[in-house]
Amino acid sequence: MHTARFVAILLGILAVVVSVPFGAALLLASLFASTGIAAYSPILLILGLIGVPVSAAVGGFVLTAIACGLYNALAERFGGIEVELKVAPGVLTSGRG
């Protein structure tokens, strides 16, 4: 669940970063139009600024949790990914100095 939580937070932040400029553009468009879809732009702006990040985070959490569950089930049956790390000669392995 840690991976799913991390992906949910990451996607939520990315959705905020993307939706804020679009929200600003929509708000600017609503200032100059009083009919059509632009008349509803304040409502769409609020829904977009809240709904897009929340749905991205929830969707990312659910899909990542499903993917991790599938990986764990398959890795248990067929074997998982193995990584072997070696320390290169001359590289410090402890401390900063």
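The values are calculated or read from the model by the stated rules, or taken from the named source; none is laboratory data. Please read these numbers as outputs of a predicted model, since none were measured by experiment. Note that each Cβ is placed from the backbone with ideal geometry, even for glycine, and that neighbours are counted across all protein chains shown.
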For this session: Would you be able to say whether some residue in the range 75-82 is at positive phi, modelled with pLDDT of 85 or more and in a loop (DSSP other than H, G, I, E, B)?
Result: yes
For this session: Please identify the pairs in which a residue from the range 13-31 that is under 15 Å from Leu47 (Cα atoms) has its Cβ atom under 6 Å from the Cβ atom of a residue that is of a type in the set (Gly, Ala, Ser) and part of a helix (DSSP H, G or I), counting only partners at least 6 apart or on another chain.
Result: Ala15/Ala56; Ser19/Gly48; Gly23/Gly48; Leu26/Ser41; Ser30/Ala38; Ser30/Ser41
Problem set entry | Failed item, numbered, when Ser34 is tested on (1) part of a helix (DSSP H, G or I); (2) modelled with pLDDT under 90 | (1)
